[in-house]
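As structure tokens, the structure follows; a few thoughts come after it.
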Amino acid sequence: MSMNRMALLLGCIGSTVLIASGALSAGKPGQQPGLLLSQPDNAASEAPFDLKAPLPDNTGAKSTSTGGLLMSGPNPNPAPLSQPLARPARDASAKVDESALRFYASQNDSARVAMEIKRIKALNPSWEPPSDLFSEAGDPAVEQKLWDLFGEGRYDEIRIAVENIRKADPNWRPSEKLVREFDRAQVRLQLIAASDAKDAHGVLAIAEAQPAMLVCADVDAMWRVAEALIQTSQEDRAQELYKYILTRCPDPAERLATVQKAMELLPVPAVKALMAAARYRNDNGKALETAQLDLMRRQIGAVASDPAAAPVPPADLKSFESLVKQKRMSNDADLLGWHYYSLKSWSTAAEWFKLAMGWDRLPKSAEGYALALRQQGQLAEAEALAYEWRNASPLIAKLFVEIVATALTQPNPAPFDEARLARMEEMVSSTKSANGGQALGWYYYNKNSFPKARQWFEASVTWEAKETNVLGLALAAHRINDRALFRKTVTDFGKQYAAVAALQAYDKPQGGTGKGGAPRRSGGGGGGGSSQASQLANAAVEQFKNGHYREALATLDRRAGVAREDQGLGVLRGWALYHLNQYDKAREKFAELDRKQSTRDTQYGLYYTGAALDPAHIGD
């Protein structure tokens, strides 16, 4: 040992005696000099969480294994850095932790060496500094490079570097702190790998074999172990682990995150019990306030997603609502809106959505407000609001189209003003809404504006072909005598949609009936078979083909006075009623015919009058 180091050591020892005696005579426990400087490793003085300890609710219960003996788990004792390296020799009976002291000595940090000696002497008056303390010191830059690699997580490179250093200097050895931290990092990597792989038993095996890792210095490891406990149906023990973090660990952010993680994995009563336990710690107040709000949001959100979920206690809900109004919390007002919307409390939902919109322009709140207005029958207000917010969200644009489409397809809809129709057409075109295009098609079709009907049916089919818009396109093409489009539509979609295939009758004067088509005529007048009956039947068919449905019905009524109406003419009557928007009468006619003889024609009539197009229509 050099003379300079010997002088430094003697000076440290002399100062230690003075400081130690002064600290003892002062009689002030807890005021230990250099305590923070001498304890870089909190785990050395912190009692870790005991995975095998009896649960508080089961006093006297035997400790049970959490899975450490499972063969499927990863190796909880990885090959540590210390195996290929020789640790400094230590007296087995020594109880004083000199690791920090030797680390500072290895760094040639004389100031910290002196402070650490003072601290240890204050705690252990009979202890003497080791004589070989400075003989272990080496070039601090050598180990600093290893610490740099450690900080970057390059553990494999650390092993290679250590081997190279030992080849150059066989007497060199790393500090105990580096060895200990490296070993701990290896175990932690294994635990993280098992956790990420959802190997709960493997996580618990590692934690049980390395209990010292369950300390506040590594809260993430404790979170992973708690999750593994829950995955293995050990919720009570997981709750105790969360409680350990909340009552012992110093970082407020980590304590808040702990409550939030518990909320994701534990039932609400367990989370409330955790929060009650955490209140005993004075500095948990802010974290608990935040967590309490998060818990309430979780409960409200559960009801918003599923009305059958456990209801929020009325007192808690009222307190939360008061806080939301007091602090003008727009996102929470929106959440309350969806909560009440789920419960079908339309007016209350509308109030909360309106508040949220007033505090902040939230597109989701505007959507909710428009929906709530529509549910209350305030369709004009809902339509105006949805159009105002149309560019804020695709869902609101879609909602606008839905509201107007419903109005367009009402029984005998009132004429739309040009501006309203223009807005609808603009939105349908910009959103490429197949349903909106179809609604416009049927609106114009029922208004006998067949060219415009064809235009919108064609656009709707282009965006998304469905049976109803394809059917509308074929019918519109027939009404404007576009035989090429009619035949192409029936050919392209006939195999896919049976109702469209049935429209082939429109293209065959002597063919069978289809939806809206003329019935098959087999000669004679049907029923009585007289010449007058035959002439009236043919006249009704021609009137139907030309779209003169009222005249066709009148002709059929005249014919019924001279001859019985057969199945084919009965189908013709049903479709004439259908085209006159007398859907209930058309349904009755098809049902009557179907009871006598069920055919494809009667089934199509029943389907389209009763369900597919608009079951809300009633006869004149």
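The values are calculated or read from the model by the stated rules, or taken from the named source; none is laboratory data. On a predicted model such as this, the values are computed, not experimentally measured, just so you know. For neighbour counting, all protein chains shown are included, and Cβ atoms are generated from backbone atoms with ideal geometry for every residue, glycine included. Keep in mind that these areas ignore ligands, DNA and RNA; they rest on the heavy atoms of the full protein, side chains included. Shrake-Rupley method; radii C 1.70, N 1.55, O 1.52, S 1.80 Å.
I'd like the full set of residues that are without any contact (Cβ under 8 Å) to a residue 12 or more places away in the chain, closer than 30 Å to ASP50 by Cβ and part of a loop (DSSP other than H, G, I, E, B), limited to the range 162-210.
The one that is without any contact (Cβ under 8 Å) to a residue 12 or more places away in the chain, closer than 30 Å to ASP50 by Cβ and part of a loop (DSSP other than H, G, I, E, B): ALA197.
Is it the case that ASP507 is surrounded by fewer than 18 Cβ atoms within 10 Å (Cβ to Cβ), among the acidic types (Asp, Glu) and modelled with pLDDT under 80?
Spelling it out, ASP507 is indeed surrounded by fewer than 18 Cβ atoms within 10 Å (Cβ to Cβ), among the acidic types (Asp, Glu) and modelled with pLDDT under 80.
Can you find, within the range 102-114, the residue that is least open to solvent (accessible area, probe 1.4 Å) among those that are at pLDDT 80 or above and closer than 16 Å to LYS177 by Cβ? Don't jump to the end; show me each part of the working.
Let us first name the residues in the range 102-114 that are at pLDDT 80 or above, namely 111-114.
So of that shortlist, the ones also closer than 16 Å to LYS177 by Cβ come out as 112-113.
Details: ARG112: 99, VAL113: 0 Å².
Step by step, filter the range 102-114, then rank; the result is VAL113.
Can you name the residue in the range 198-224 that is open to solvent by 30 Å² or more (accessible area, probe 1.4 Å) and among the aliphatic types (A, V, I, L, M) and is also farthest from LEU246 (Cα to Cα) among such residues?
Here the answer is ALA209.
Anything in the range 324-382 that is among the charged types (D, E, K, R) and open to solvent by 40 Å² or more (accessible area, probe 1.4 Å)? List them, or say none.
Scanning the range 324-382 gives LYS325, LYS327, ARG328, LYS344, GLU351, LYS354, ASP360, ARG361, LYS364, ARG374, GLU381.
Filter the range 398-415 down to the residues that are closer than 10 Å to GLY436 by Cα and at pLDDT below 90, then identify the one that is farthest from the chain's Cα centre (by Cα).
Only one residue tops the list, namely LEU408.
Report yes if ARG559 is modelled with pLDDT of 80 or more, farther than 27 Å from TRP442 by Cα, among the basic types (Lys, Arg) and buried (at least 23 other Cβ atoms within 10 Å of the Cβ), otherwise no.
On the way: modelled with pLDDT of 80 or more: yes; farther than 27 Å from TRP442 by Cα: yes; among the basic types (Lys, Arg): yes; buried (at least 23 other Cβ atoms within 10 Å of the Cβ): yes.
When the stated conditions are applied, ARG559 passes them.
Taking the range 167-197, which residues are open to solvent by less than 60 Å² (accessible area, probe 1.4 Å) and among the charged types (D, E, K, R)?
Correct list: GLU176, LYS177, GLU181, ASP183.
Hey, among the residues in the range 427-443 that are in contact with a helix residue (DSSP H, G or I) (Cβ under 7 Å, 6 or more places away or on another chain) and open to solvent by 20 Å² or more (accessible area, probe 1.4 Å), which one's nearest to TRP575 (Cα to Cα)?
In the first step, residues of the range 427-443 are kept if they are in contact with a helix residue (DSSP H, G or I) (Cβ under 7 Å, 6 or more places away or on another chain); the result is 427-428, 431-443.
From what is left, the residues that are open to solvent by 20 Å² or more (accessible area, probe 1.4 Å) are 431-433, 435, 438, 442.
Details: THR431: 34, LYS432: 31, SER433: 29, ASN435: 24, GLN438: 20, TRP442: 16 Å.
Applying the filter and picking the extreme gives TRP442.
Output the qualifying pairs, or none if there are none: Cβ atoms under 7 angstrom, residues six or more apart or on different chains, first residue in the range 234-250 and of a type in the set (Gly, Ala, Ser), second residue open to solvent by less than 10 Å² (accessible area, probe 1.4 Å).
ALA238/ALA226; ALA238/LEU229
Scan the range 539-555 and report the pairs whose first residue is touching a residue at least 24 places away in the same chain (Cβ under 8 Å) and whose second residue is in a loop (DSSP other than H, G, I, E, B) and among the charged types (D, E, K, R), with Cβ atoms within less than 7 Å and a gap of 6+ or a chain change.
Going by the 7 Å Cβ cut-off, the qualifying pairs are VAL541/ARG521.
Scanning the range 444-489 for residues that are among the basic types (Lys, Arg) and part of a helix (DSSP H, G or I), which turns out surrounded by the fewest Cβ atoms within 10 Å (Cβ to Cβ)?
Kept after step one, since they are among the basic types (Lys, Arg), are these residues of the range 444-489: 447, 452, 454, 466, 479, 483, 487-488.
Keeping just the survivors that are part of a helix (DSSP H, G or I) gives 452, 454, 479, 483, 487-488.
Numbers: LYS452: 17, ARG454: 24, ARG479: 19, ARG483: 12, ARG487: 16, LYS488: 14.
Going through the qualifying residues, I end up with ARG483.
Being of a type in the set (Lys, Arg), within 27 Å of GLU227 (Cβ to Cβ) and out of contact with any strand residue (DSSP E or B) (no Cβ under 6 Å at 6 or more places or on another chain) is the requirement here; does LYS198 meet it? Spell out the reasoning first.
Working: of a type in the set (Lys, Arg): yes; within 27 Å of GLU227 (Cβ to Cβ): yes; out of contact with any strand residue (DSSP E or B) (no Cβ under 6 Å at 6 or more places or on another chain): yes.
Yes.
Quick one: what pairs do we get from the range 493-504, first residue under 19 Å from GLU458 (Cβ atoms), second part of a loop (DSSP other than H, G, I, E, B), C-beta under 7 Å, 6+ apart or different chains?
Between residues of the range 493-504 that are under 19 Å from GLU458 (Cβ atoms) and residues that are part of a loop (DSSP other than H, G, I, E, B), the close pairs are PHE493/ALA465; ALA499/LYS515; VAL500/GLY494; LEU503/GLY514; LEU503/LYS515; LEU503/GLY517.
Restricting attention to helices (runs of 4 or more DSSP H) lying wholly within the range 354-425, give those where 3 or more residues are over 21 Å from TYR341 (Cβ atoms) and touching a residue at least 12 places away in the same chain (Cβ under 8 Å). Talk me through it step by step, then tell me what you get.
Numbers: elements: 363-375, 379-388, 394-408.
Hits in the range 354-425: 394-408.
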